[in-house]
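A short write-up of the structure that comes next.
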Amino acid sequence: MLQRTGTGKGKTVLVAGGAGFVGSHLCDALLARGDRVICVDSYITGSKDNIRPLMNHPGFRLIEKDICEFNSIDEPLDQVYNLACAASPPQYQADPVHTMMTCVAGTGNLLALAERDGASFLQASTSEVYGDPAEHPQREDYRGNVNCIGPRACYDEGKRAAEALCFDMLRAGRADVRVARIFNTYGPRMQPDDGRIISNLLVQAISGKPLTIYGTGEQTRSFCYVSDLVTGLMALMDVDPNPGVPINLGNPGEFTINELADMVVAIAPTMAEVAYKPLPADDPQRRRPDILRAKEFLGWEPKVPLSEGLRHTADWFIATLGSDAEKPLRRQAVRQASAYEIGVRA
Ligand SMILES: NC(=O)c1ccc[n+]([C@@H]2O[C@H](COP(=O)([O-])OP(=O)(O)OC[C@H]3O[C@@H](n4cnc5c(N)ncnc54)[C@H](O)[C@@H]3O)[C@@H](O)[C@H]2O)c1
């Protein structure tokens, strides 16, 4: 274990995936409370823009690295958050082998660092571990309905395998591991072309393009504003004792996609029509977290209503896209990473 030499004020916290949508908000919040933050990111789906304001912060360090190849660091850690993983279907399906290896090999590397330093570890898992759920709302003891060979399996099964690894490390007494099962989260800094439903609809409405709805639009989702999620993640990391069980973090408000589209149009009025497209394979029909555990263990529940969070997010997209809104989106929806080669890892 490396010797801690800090002043004792604040913790040294590694955030893998810190240049991403959620990770960058987490970095902000940790720095704001006086922690030192080491962000590790490969930028495969994140963006330097998200962390540019932090670059000159004395408590911020950036390491550009893929977590599949990240297995040492020269300073001791108090906490490790693992948020590194492509999170939207087009992004995680672009290089599915890399997604799976990120979940398993990458998580394994970060767990080893936590074990080395006796650091607490938080795994950003997902509601996708429930697959297309046969139980509603989803409680943490529901074991899920996942297609282990479908196009979403690299993510769903990857995250399930990562959870298994985390709980093996916890049971073996090798790392103080906490697991958050995150439900759909939205807010400023989502990439405009990441293929998620809220960014899709808002950007389409703002730029006057037809709103794309997959299936009939009667499938449901629950949407959590990013500041609420970050508060929940930090509460789970810091709570003592470790709950020792996965905890759902999400907003239990449940909306059909058609209802969401109506709210988007109320915030960003558009004359454009709705374009209905076929539902992708294995797309879940209903999603709503049961958050009793989060309330009991963490005293946490989300505070920001969907209408308010959508407005903040729309304002951010309008400011960010500006006059570009009419142009083709600047980034490719999916940055095609070269296919991940199993066995090439150092
Ligand atoms: N946002 C949501 O609705 C949601 C829902 C459920 C779970 N999650 C989980 O939360 C985490 C963060 O999600 P997000 O929405 O911020 O996604 P994001 O794509 O914006 O952020 C992920 C970050 O991880 C980085 N990354 C991906 N693979 C990497 C690798 N192998 N090595 C190093 N960096 C890598 C990306 O470059 C990006 O900066 C993910 O693990 C995701 O699975 C998010």
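The values are calculated or read from the model by the stated rules, or taken from the named source; none is laboratory data. Bear in mind the structure is a predicted one, so any value in this text is a computation, not a measurement. FYI the Cβ positions are ideal-geometry reconstructions off the backbone, even for glycines, and counts take in every protein chain you see.
For the reader, a short list of remarks on this structure follows.
- Candidates Gly59, Gly34: the one that is surrounded by fewer than 14 Cβ atoms within 10 Å (Cβ to Cβ) and more than 12 Å from the ligand (Cβ to nearest atom) is Gly34.
- Candidates in the stretch 168-185 are the residues that are surrounded by fewer than 16 Cβ atoms within 10 Å (Cβ to Cβ) and in a helix (DSSP H, G or I); of these, the one that is nearest to the ligand (Cβ to nearest atom) is Asp168.
- Failed item in (1) closer than 23 Å to Val129 by Cα; (2) modelled with pLDDT of 95 or more; (3) not acidic (Asp, Glu), with Arg286 passing the rest: (2)
- The residues of the stretch 170-207 that are under 16 Å from Met237 (Cα atoms) and more than 19 Å from the chain's Cα centre (by Cα), listed by number, are Leu170, Ala175, Asp176.
- Leading residue by the ranking (modelled with the lowest pLDDT) among those in the stretch 268-283 that are within 30 Å of Ile247 (Cβ to Cβ) and among the hydrophobic types (A, V, I, L, M, F, W, C): Ala281
- Residues located in the stretch 186-202, provided they are more than 11 Å from the ligand (Cβ to nearest atom) and assigned to a loop (DSSP other than H, G, I, E, B): Pro188, Pro192, Asp193
- Restricting the first member to the stretch 132-144 and to residues that are assigned to a loop (DSSP other than H, G, I, E, B), and the second to residues that are polar (S, T, N, Q), the beta-carbon pairs closer than 7 Å and six or more apart or on different chains are Asp132/Asn145; Asp132/Gln285; Pro133/Asn145; Ala134/Asn145; Glu140/Asn248.
A quick yes/no check of all residues on (1) within 11 Å of the ligand (Cβ to nearest atom); (2) touching a residue at least 60 places away in the same chain (Cβ under 8 Å):
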{"site": "Cys85", "(1), (2)": "yes, yes"}
{"site": "Ser88", "(1), (2)": "yes, yes"}
{"site": "Gln93", "(1), (2)": "no, yes"}
{"site": "Val97", "(1), (2)": "no, yes"}
{"site": "Met101", "(1), (2)": "yes, yes"}
{"site": "Thr107", "(1), (2)": "yes, no"}
{"site": "Ala114", "(1), (2)": "no, yes"}
{"site": "Asp117", "(1), (2)": "no, yes"}
{"site": "Ala124", "(1), (2)": "yes, yes"}
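- Taking the conditions (1) in a loop (DSSP other than H, G, I, E, B); (2) of a type in the set (Gly, Ala, Ser); (3) at pLDDT 95 or above; (4) not assigned by TED's automatic domain parsing to the domain that holds Tyr81 in turn, Ala261 satisfies each one other than (1).
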